[in-house]
Every structure is written in C-alpha cells, then in structure tokens.
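Below is one structure, written out as structure tokens; the observations come after it.
The values are calculated or read from the model by the stated rules, or taken from the named source; none is laboratory data. Note that the structure is a prediction, hence the values are computed from the model and not measured. Reconstructed Cβ throughout: ideal geometry from the backbone, glycine too, with neighbour counts over all protein chains shown. Protein only, heavy atoms only, side chains kept; ligands, DNA and RNA dropped before computing areas. Shrake-Rupley method; radii C 1.70, N 1.55, O 1.52, S 1.80 Å.
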Protein chains: 2
Amino acid sequence: MRIKEFHEKFSSACEAVIISDPKNIYYFTGFYPHSPSYLLIENDLNLKLMVPELEYEDAKKNSKNTEIINLKKELPIDFLIKTLQEQNKFKILGFESEYMTVSTYLKLTQKLKSIEFKSITELLNSTREVKIPKEIEYLEKAAQIADVGIETAINNIEEGKMEIEIAGEVEYNMRKAGSEKTPFDTIIASGPNSALPHATASERKIQKGDFIIVDIGATYKGYCSDMTRTICFDKPSQKQLEIFNLVLNAHQESMQVARAGVDIKNVDVIARDMIKKAGYEFIHSLGHGVGLDVHEDPTLSFKSKNKLKQNSVITIEPGVYIPDFGGVRIEDMYQVLKDKVKNLTKSKQNICI
Amino acid sequence: MRIKEFHEKFSSACEAVIISDPKNIYYFTGFYPHSPSYLLIENDLNLKLMVPELEYEDAKKNSKNTEIINLKKELPIDFLIKTLQEQNKFKILGFESEYMTVSTYLKLTQKLKSIEFKSITELLNSTREVKIPKEIEYLEKAAQIADVGIETAINNIEEGKMEIEIAGEVEYNMRKAGSEKTPFDTIIASGPNSALPHATASERKIQKGDFIIVDIGATYKGYCSDMTRTICFDKPSQKQLEIFNLVLNAHQESMQVARAGVDIKNVDVIARDMIKKAGYEFIHSLGHGVGLDVHEDPTLSFKSKNKLKQNSVITIEPGVYIPDFGGVRIEDMYQVLKDKVKNLTKSKQNICI
C-alpha cells in the first residue's frame, strides 16, 4: 500500500528510485539490512534488493514482494553501477539526498553520466509522515513500553543513586517489556544537568531538591517512542513550581490546538509565547514527528510553513532550562486526528517524589 | 596531540577542514554533540565549534581548546555558509565525504562556488586508526564490560528462554558494569538463527542442541567493544564439533600472524583458506578496526592493500554459516603490537553448557 502511494508521488518526477537507508528498505520490504544494501524501485513497482552475501538468507526470509539479489563478494555500490549501466534504461533516478553520502554520490554521478539524479527525500518523508493503522499500533506499543520506563525511573529515585544506574534499570525494564533497543541515548539528567537539554546520563548522584529529566524511548517492530517527564525530587521550591507549571501549561495549551490541518507554526508559537511572556527562553522546537526515525517529519517549529497531517504521530515537548539551576521538559507522543490529537503516552505528567 | 597529527596530514592538501560527524567532533574537542553541529579546523589549529543553542552550555562545559559559537536560532548549515562567505579566506576546504550527505554538499558547493571541496576521509580514518594510550585504555575497558556480557549470556542459557530475554540481561549487566550504550544491536542468535550472520535477537526459545551466537558490544567514554562467542547448548554433535573447531583454529591461526607491518590480506587469507579447504564458505571479512565506531579502519579483507599498523585495535572473527543448521563465529578484539597482537577479550573461546 505504501509503495503504491510513494509510487504515485515519484512516478511523475523520475523513472526509478534507489533506496539505501536501511529504515526505508525496511519500510518498503519488511527486511532491515545491517550491511550496506540497495533497493531499486522501478516504475512498474518491481522491487529489487541487492544485499551482501551475509544478509542474503535473512533477506529472503523476511522481505515481501521483493526480488533478492545476492551480491556475493561484490561491493554493493559496484554492483549497483554495473546493473544500471547494463540496463541502460533510466534517464532520471531518484535518491535519498539526506541519507546518501557525498562519496557514494560522486561515484554514481561519475560512472553514470547519462543519468540525472533527483532527490526524492521530500516525497519519501511526506509518505512516511502519515501512518497506516499498523504503524500507529506499533508506535502505540512503543509508547506503552516507554511508560514502563518512566514507572521504572520513578521507582528508582533514591538519594545517592547515580543517573546511569537509573538509566540501566529503565532500559532493562523496557527491554523486558518488549523494546528492541533504545532509539536514542537514554537521558537521566538531574540537578544542574537537567539544564542541558541533550545531557545523557552521568555518574552524578541524585539529591533531594533536584529536577530530574527522564527523556526515554523504546523501539517496537522498528518504530520508536519518545517521551519526557521531569520529576521533582522532594517538595519543589517556589521557583521550581513556577517553571514546572509554566512548562506543563505551555504543553497543554499547544496540545489543545493541535489537529489535522492546523498551521504547525501556530502550535509552536502558543507554547513559545507563554514561555517568553513568563520571562524565560524556549531554545528548541516544540516537537517532531516520530516513526521509524525518532526524529522525522514534521518538525514542529515556529518557522514551519506546513500543516499538521491526519494520522501523523508527533511529540509536543516544551522546555525551560536555567544554567546551573535546572530545567523542565514535558513530552508526550500524539496521534494527529481530524479534530484533536490522541495521547499515546499514558504516564502522568505531574510527578513529585 | 591527535589534532596536530591530523593537521600534519591535511595541511598540505587543504587550508581548513569542516567536521560534522559527532564522533569526530568528540575526537578533536572532547564534546559529543547530539544535534547537527560543525567544527571548523583552520590551518593555524584554531578550533571553532558551531552548536545550536540547546547544546551550547554542554559544549562549553565539556570541550577543550575549542571556541564555542552559539548558533541561537540559526540553522547550522546557514551559519557555516555565512561564516565562510564572510571570512572569504579559504580556497580548498576538506570535508568528510563518507559522512556528509548529498543535500548538505550541494548547498555548500552551490553557495560557495569559489571554494574547492576535498575529501579528507582517508586522512581522518588513518589518524583514528592508530590509537593513543588513553584510547587503548578505554577500548580495553569496553572489552572488559563485554566480557561481563558474555558471562551473563552463559549464566542465562536455559531451555525455553527467549533470545530477547538473554539480550536484555546481557545489556543490563553491561550497563551496570559501566557501558554507556550498546554500539550495535545485541545479537543472540540460536539454532537456525545462528546461520544468519546479522540476525539480532528474536522471540525464539533456545533449545538443547542449539548453537547460540552471542555477538555483543559495550561503549566506554565513546569507545566501542565487539566480541562474539558461540555457545554449544548441550553436548555438541559430530558436525557441530567439526565446525566449531574449524572456526576456532582459523581464528587462532590468523591471530598468530597478525602484527604491525604484516599485509592485512595475508591475515584474512589464512582463515579463509582453512575454511575453504574444509569444504565450507567464509562469506564475510575476517575483521575490522574498532574505536569510536564499532566498524572503522582497517578492514581485514582478502582484498586489502594495506598493512596492519602498530596500536590499531582490530577484531578477528571468522565464521561458518550453514542455512537451517546453524553457524559459528568467534570474535576477539586485539591491540596490534610490533611483533604480535594483544588480546583485549578475556572470555574463554570454548563454551559448552
């Protein structure tokens, strides 16, 4: 189904498409290669997947509606070039401009001078942006597993415990709940570390009075989840409470307007303005799409010119960070519906221990 | 120190270098960015790191000898182009051709027409290939953590247990032993799955009579480990024993000749020929370098034209895979010394349960 939709988009722009991002290969074939492989999608919807010998048995077993070609000892790029030279039938070929490296591109363009290479990144991203029910199901399951992770983090808050210890327990319980891997480095950022939006987990021991940002994800059937809770360890101070409630309200207000067809920038700006008016800065985007990539289209930014699409899955995650003091971020995953968003994240947002 | 060595290599080829692979940024500055960032290394060894606002505090805290530029709301690529246009002082600029995407490359080359872009991938890879004592120390620690993982796998072999359950326990104990993350998907491949070199971990329940391939890695201070053991669950059959001993001997024989200055292809060919002579196929390379990337230079292949370098760290991992029957792979990490290799992996190679 998705291949037909994608085909409708690319067929007027090019005669065939080369796919090399393993996530996209999985998206179209059901097989996730762990070594460099190429998928050639022709205009007649023929799928040819070229895999190194060590992936061949696995590819045959796990792919659907795809011809599998065993590259034996040949380099994937050499085989691809040879195939395209021999076929000599394409004038315009689509490729993933935000995945393919310059090195591969220069080899292809130098050896295949009669072919024009055209980026299909946007067509591909916009196809992936809208999820089918199976994908929503996997994303919902991935979100449920992350809920288990949050519960684990809460249960492990203890004075003197290291951030990495908590991260270990969180990942373990998510694994046991069915996660295939953590789609990004688990963030357990306590005290001053919580002021660093991309801190991961350190050997810092948590203390009473800390904000503890828990930003975690799981993977189910290749689909990612992403959620953040900020735990107040001990009774929050006045300033902590003020920041926490500000971020929580900004989250809620943005969420209220999110629905299919709404201008993305308007969703971002609601949270941004609230934070600004309260005298703080909001230094990142409001959120992002989630799917096979933990960050994918759409980007929820005040610069966006796009609208939210029905059945896309997005995060909303405003944050406030005060150097050396701490930070708060609250992030849920939402399915965009016609007239509202559906929260895929079940953990409560307000956590004081 | 490494920056000086790298500078010696690139200074005759170009006037400055743009680095965007976060691993390389970490390598030169000590700071690992989690959002797109650019490091500009000029010929006078000035390091300028351009980071988005949400990385700024972290970058200031964790980088060394580097000027940190806060991009605020500007896109990293736009800022980089603007900076290079304003400076207007470089004619030849080095870049990572095997990391930079076509999309970024086309933007740079279209906006900076007077600059010639030159790949410094090989110079960079050959710098990273040879490790300094600190890096060896981190790699050794990462290998020790993977040893804990192997021990965990062995202790968890039990009839009816799922591969993913064992993977979860392995990752948990490696985390507790100090691993920051698993540098690749943990492989627990049992029975017929062991015949798929890149299978990861499934819901298959392990059974007596299985080969169980355990291919795992840990990360310490960004440095990866990679090791594989094949466990015979129950008394091995005659055929299992034959394959196991063949792979073990191929490993040992290759390892015996590995040392600084030896032709890499000769090391690969020893294992390859032994496996071939016994009537089996060897469908992947003998091994690879390990460092900040779990796969980096050198590639231990029969096609290699290079020699092993002193203080590189490599894996040796011959394997035999028989579809529907099972497979064996045995992989250790070695530091290449002047006249031998030093094994960084301590787990015993012969495991029967």
Residue list for the stretch B:189-214, filter: away from chain A (no Cβ under 11 Å) and within 21 Å of the chain's Cα centre (by Cα)
B:Ile213, B:Val214
With the stretch A:38-131 as the region, which strands (runs of 3 or more DSSP E) entirely inside it contain at least 1 residues that are more than 14 Å from chain B (Cβ to nearest Cβ)?
A:38-42, A:47-51, A:67-70, A:92-95
Which numbered condition trips up A:Asn88, out of (1) at pLDDT 95 or above; (2) over 22 Å from A:Ser225 (Cα atoms)?
(1)
Could you tell me whether the stretch B:107-121 includes any residue that is open to solvent by 30 Å² or more (accessible area, probe 1.4 Å), touching a Lys or Arg at 6+ places or on another chain (Cβ under 7 Å) and farther than 29 Å from A:Glu98 by Cβ?
no
For the structure I just gave you, tell me whether B:Lys309 is open to solvent by 10 Å² or more (accessible area, probe 1.4 Å), in a strand (DSSP E or B) and of a type outside the set (Asp, Glu).
no
Scanning for something within 14 Å of chain B (Cβ to nearest Cβ), of a type in the set (Gly, Ala, Ser) and closer than 25 Å to A:Gly222 by Cα, does the stretch A:280-301 turn up at least one residue?
yes
Residues in the stretch A:109-131 that are touching a helix residue (DSSP H, G or I) at 6+ places or on another chain (Cβ under 8 Å) and without any contact (Cβ under 8 Å) to a residue 60 or more places away in the chain total 6
Is at least one residue of the stretch B:193-206 over 19 Å from A:Glu55 (Cβ atoms), modelled with pLDDT of 95 or more and open to solvent by 10 Å² or more (accessible area, probe 1.4 Å)?
yes
Which ones in the stretch A:284-303 are in contact with a strand residue (DSSP E or B) (Cβ under 7 Å, 6 or more places away or on another chain) and open to solvent by less than 30 Å² (accessible area, probe 1.4 Å)?
A:His284, A:Leu286, A:Gly287, A:His288, A:Gly289, A:Val290, A:Gly291, A:Leu292, A:Val294, A:Glu296, A:Pro298, A:Leu300
Taking the criterion of being open to solvent by less than 20 Å² (accessible area, probe 1.4 Å), on the phi > 0 side of the Ramachandran plot, of a type outside the set (S, T, N, Q) and in contact (Cβ under 8 Å) with a residue 24 or more places away in the chain, would at least one residue in the stretch A:312-331 satisfy it?
yes
Quickly run through the stretch A:303-326 and pick out the residues that are in contact with a Gly (Cβ under 7 Å, 6 or more places away or on another chain) and among the basic types (Lys, Arg).
A:Lys307
Restricting to the stretch A:32-76, what's the tally of residues that are open to solvent by less than 20 Å² (accessible area, probe 1.4 Å) and aliphatic (A, V, I, L, M)?
9
Counting just the residues of the stretch B:257-269 that are over 16 Å from B:Glu331 (Cβ atoms) and touching a helix residue (DSSP H, G or I) at 6+ places or on another chain (Cβ under 8 Å), which one comes out most open to solvent (accessible area, probe 1.4 Å)?
B:Asn266
Among the residues of the stretch B:173-188, is any open to solvent by 40 Å² or more (accessible area, probe 1.4 Å), more than 14 Å from chain A (Cβ to nearest Cβ) and either under 24 Å from A:Tyr220 (Cβ atoms) or part of a loop (DSSP other than H, G, I, E, B) (or both)?
no
Name, by its number, the condition in (1) in contact with a Phe, Trp or Tyr (Cβ under 6 Å, 6 or more places away or on another chain); (2) open to solvent by less than 70 Å² (accessible area, probe 1.4 Å); (3) closer than 30 Å to A:Gly191 by Cβ that does not hold for B:Gly94.
(3)
If you go through the stretch B:133-149 one residue at a time, do you hit one that is touching a Gly at 6+ places or on another chain (Cβ under 8 Å), farther than 30 Å from A:Ser179 by Cβ, crowded, with 20+ Cβ neighbours inside 10 Å and in contact (Cβ under 8 Å) with a residue 60 or more places away in the chain?
yes
I'm trying to understand the selection: among the residues of the stretch B:196-247, which are more than 25 Å from B:Ser312 (Cβ to Cβ) and touching a Pro at 6+ places or on another chain (Cβ under 7 Å)?
B:Phe244
In the stretch B:242-279, how many are touching a strand residue (DSSP E or B) at 6+ places or on another chain (Cβ under 7 Å), charged (D, E, K, R) and either closer than 20 Å to B:Thr230 by Cβ or not in a loop (DSSP other than H, G, I, E, B) (or both)?
2
Among the residues of the stretch A:150-177, how many are of a type in the set (Ser, Thr, Tyr) and within 17 Å of B:Thr186 (Cβ to Cβ)?
1
Could you check the stretch A:77-108 and list, in sequence order, the residues that are of a type in the set (Val, Ile, Thr) and touching a strand residue (DSSP E or B) at 6+ places or on another chain (Cβ under 6 Å)?
A:Ile92
Would you check which residues across the stretch A:157-172 are within 13 Å of chain B (Cβ to nearest Cβ) and assigned to a loop (DSSP other than H, G, I, E, B) and list them?
A:Lys161
Within the stretch B:4-22, residues being touching a strand residue (DSSP E or B) at 6+ places or on another chain (Cβ under 7 Å) and open to solvent by less than 40 Å² (accessible area, probe 1.4 Å) number 8
